1. For region 1-42, what are the residues that are among the small types (Gly, Ala, Ser) and in a helix (DSSP H, G or I)?
2. Suppose we keep only residues that are open to solvent by less than 80 Å² (accessible area, probe 1.4 Å) and of a type in the set (A, V, I, L, M, F, W, C) within region 47-68. Which one would you say is farthest from the chain's Cα centre (by Cα)?
3. Do you know which residues across region 6-46 are under 15 Å from the mean Cα position of the chain (by Cα) and among the aromatic types (Phe, Trp, Tyr)?
Amino acid sequence: LEKWSPQSALGQLQAKLDASEAESEALIEQFLAQDLPLDSFLESFCQSRTCSHICRMQLEKLQELLQK
């Protein structure tokens, strides 16, 4: 049951958000170091930021629901 608890879901969403944020930062560093071409950077960065945004919205919504 712990696997499916709201607190577990919050933790998993937070971990996914943190990983996505770290991935975005790594992509920025690679691009600035000229280790990643612009086209690849844009595609990967947009996907990473979209994932971050979705996770953040899900996390905030779940927190809001748990506070009620």
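The values are calculated or read from the model by the stated rules, or taken from the named source; none is laboratory data. Fair warning: this is a prediction, and the values are worked out from it, not measured in the lab. Quick note on the areas: whole protein, heavy atoms, side chains included, nothing else; ligands and nucleic acids left out. Shrake-Rupley method; radii C 1.70, N 1.55, O 1.52, S 1.80 Å.
1. Initially, region 1-42 is screened for residues among the small types (Gly, Ala, Ser), giving 5, 8-9, 11, 15, 19-20, 22, 24, 26, 33, 40.
Hits for region 1-42 are SER8, ALA9, GLY11, ALA15, ALA19, SER20, ALA22, SER24, ALA26, SER40.
2. My answer is LEU66.
3. The one that is under 15 Å from the mean Cα position of the chain (by Cα) and among the aromatic types (Phe, Trp, Tyr): PHE45.
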